[in-house]
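What follows is one structure encoded as structure tokens, with my remarks underneath.
The values are calculated or read from the model by the stated rules, or taken from the named source; none is laboratory data. Model, not experiment: these values are computed from the prediction. Cβ sites come from the backbone with ideal geometry, for glycine too, and all protein chains shown count toward neighbours.
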Amino acid sequence: MECVVLAAGEGKRMRPLTAKRPKVMLPLANRPMMEHLVIAARDSGIKDFVFVVGYGEREIRKHFGDGDSLGIQIKYAPQRQQIGTADALNAARSYVEKNFVLLNGDMILKSSDIQALSKNKAPCMGTSVSEHPEEYGVVLVENGFVTTLEEKSPHPKSNVINAGAYVFNPDIFEKLEKVVPSSRGELELTDALVDYISNKKLKAYQLMSWMDVGNPWDILDANTILMASIESHNEGIVEKNVHCSGQVVIGKGSVVKSGSYIEGPCIIGSNCRIGPHAFIRGSTSIGDNCHIGHCSELKNSIIMFDTKIPHFNYIGDSIIGSRCNFGAGTKIANLRHDHATIRVAGRDSRKKKFGAIVGDGVQFGINCSINVGAVIGTGAKFAPGSYIDGLIGENSFIR
């Protein structure tokens, strides 16, 4: 069986993290999120892949190549205009010859689920259960078949949702030809399923491990889930008087200096400098070539490559882009005094602890204070002592 992975979208809800990379290349446990999905599909027995690419495709092609490093074969199907999921799948038409699994590239799914899904007769839709079904396509199922599919209903009829994973045969491409633009002006894959649903031919299979990574705060949850299964290993140098507890990975060329304390699960990339006297708490992943310095504390955060957090900094429950620099004493708040859930760019994260989203190349002067839920655009610069709150645009200069 083949696997088509939809990876052409930008992921606008992830801005500014996707300003310079496609959503599927955002790191989880120090790997692009799509790589985790592809490895799971490979481990389920699939070796032939078609990646539908568009926004930021160069980065995807550079990272995955022909798939040889992962023991798979990859073909690339460009979607030149991102005008909907039906158009994205149609871009793969000339590359697909038999039954195939279709996966959205921004989900987390275990190999056992992909293997079980692939054994179903086409057409089949993977479903899941959500506490917030109004944010997804809501599905009604009778006798194992989908009878109703309603997109993002404000009054959902069930908590069963379309998980964006399918088994199709090449017949689906004839259905795609009949799809017309939706009210959003996009060609929706779900509109191609109407005939299957009305004739009770679309089987439903409930996925057990599915997780959607649709919002920036979902990235932290997915990072925690994926890091839970890592195994400790050290390819770097750990000086005396360093304490590590739990599962800790230290990459090649990295140095952890004396007095540092690391709680797992934690991943430290290659060629990093940690400490002295750094405190890194659980569910934190640090990319390659980073510096976490004296008396800096990190907790439940993702730090992308080439970022410097050198001294007396605190970062909790945050996502920090690449090539950022934190001036001494700069700190990110992650908890409201009234313990209410934190809003991020006007959206409720439903989290009581959430710090900030910081784009690539952001520069902070000394003693900056960043409030909960702040979103800071790529290339922004802040003078010493700045108070930072709300949404800050790209390349802003705050004096």
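Of the numbered conditions (1) in contact (Cβ under 8 Å) with a residue 60 or more places away in the chain; (2) out of contact with any helix residue (DSSP H, G or I) (no Cβ under 8 Å at 6 or more places or on another chain), Leu187 fails exactly one; give the number of that condition.
Going through the list (1) in contact (Cβ under 8 Å) with a residue 60 or more places away in the chain; (2) out of contact with any helix residue (DSSP H, G or I) (no Cβ under 8 Å at 6 or more places or on another chain), Leu187 breaks only (2).
Could you look through region 107-123, keep only residues that are assigned to a loop (DSSP other than H, G, I, E, B) and hydrophobic (A, V, I, L, M, F, W, C), and pick out the one that is surrounded by the fewest Cβ atoms within 10 Å (Cβ to Cβ)?
Ala122
Does Ala204 qualify as being touching a residue at least 12 places away in the same chain (Cβ under 8 Å) and more than 19 Å from Tyr95 (Cβ to Cβ)?
yes
For Arg80, all conditions in the list (1) at pLDDT 95 or above; (2) not in a helix (DSSP H, G or I) hold save one; what is the number of the exception?
Answer for Arg80: the failing condition is (1).
Could you tell me how many of the residues in region 269-306 are in a strand (DSSP E or B) and out of contact with any helix residue (DSSP H, G or I) (no Cβ under 9 Å at 6 or more places or on another chain)?
13
Out of region 327-385, which residues are part of a strand (DSSP E or B) and among the hydrophobic types (A, V, I, L, M, F, W, C)?
Selection gives Ile332, Leu335, Val344, Ala356, Ile357, Val358, Phe364, Ile370, Ala374, Val375, Ile376, Phe382.
So Ile309 fits all but one of (1) part of a loop (DSSP other than H, G, I, E, B); (2) modelled with pLDDT of 95 or more; (3) more than 21 Å from Asn215 (Cα to Cα); what number is the exception?
Among (1) part of a loop (DSSP other than H, G, I, E, B); (2) modelled with pLDDT of 95 or more; (3) more than 21 Å from Asn215 (Cα to Cα), Ile309 violates only (1).
Do we find that Ile315 is under 20 Å from Ile370 (Cα atoms), crowded, with 22+ Cβ neighbours inside 10 Å and in contact (Cβ under 8 Å) with a residue 24 or more places away in the chain in this structure?
Judged against the criteria, Ile315 is a match.
Of the residues Gly164, Gly137, Gly144, Gly126, which is surrounded by fewer than 14 Cβ atoms within 10 Å (Cβ to Cβ) and of a type outside the set (Lys, Arg)?
Every option except Gly144 fails the conditions.
Between a residue in region 323-343 that is over 13 Å from Ile292 (Cα atoms) and not assigned by TED's automatic domain parsing to the domain that holds His294 and any residue that is modelled with pLDDT under 95 and surrounded by fewer than 16 Cβ atoms within 10 Å (Cβ to Cβ), which pairs come within a Cβ distance under 9 Å, given they are 6 or more apart or on different chains?
Correct list of pairs: empty, since none qualify.
Could you look through region 150-176, keep only residues that are in contact (Cβ under 8 Å) with a residue 60 or more places away in the chain and assigned to a loop (DSSP other than H, G, I, E, B), and pick out the one that is farthest from Tyr95 (Cα to Cα)?
Asn169
Please verify whether region 216-233 includes one or more residues that are part of a strand (DSSP E or B) and within 30 Å of Val256 (Cβ to Cβ).
Yes, region 216-233 contains at least one residue that is part of a strand (DSSP E or B) and within 30 Å of Val256 (Cβ to Cβ).
Can you spot a residue in region 38-51 that is within 13 Å of the chain's Cα centre (by Cα) and in a helix (DSSP H, G or I)?
So far as region 38-51 goes, no, none of its residues is within 13 Å of the chain's Cα centre (by Cα) and in a helix (DSSP H, G or I).
Can you go through Ser285, Ser296 and tell me which one is crowded, with 24+ Cβ neighbours inside 10 Å and touching a residue at least 60 places away in the same chain (Cβ under 8 Å)?
Ser285
Say we look at region 345-382 and pick out the residues that are in contact with a helix residue (DSSP H, G or I) (Cβ under 9 Å, 6 or more places away or on another chain) and under 24 Å from Phe305 (Cα atoms); which of these is surrounded by the fewest Cβ atoms within 10 Å (Cβ to Cβ)?
Val375
Can you pull out the residues in region 254-266 that are surrounded by fewer than 24 Cβ atoms within 10 Å (Cβ to Cβ) and not small (Gly, Ala, Ser)?
Listed by number, the residues that qualify are Val255, Lys257, Tyr261, Glu263, Pro265.
Looking only at region 17-27, decide whether some residue is in contact with a Ser or Thr (Cβ under 8 Å, 6 or more places away or on another chain) and surrounded by fewer than 23 Cβ atoms within 10 Å (Cβ to Cβ).
Yes, region 17-27 contains a residue that is in contact with a Ser or Thr (Cβ under 8 Å, 6 or more places away or on another chain) and surrounded by fewer than 23 Cβ atoms within 10 Å (Cβ to Cβ).
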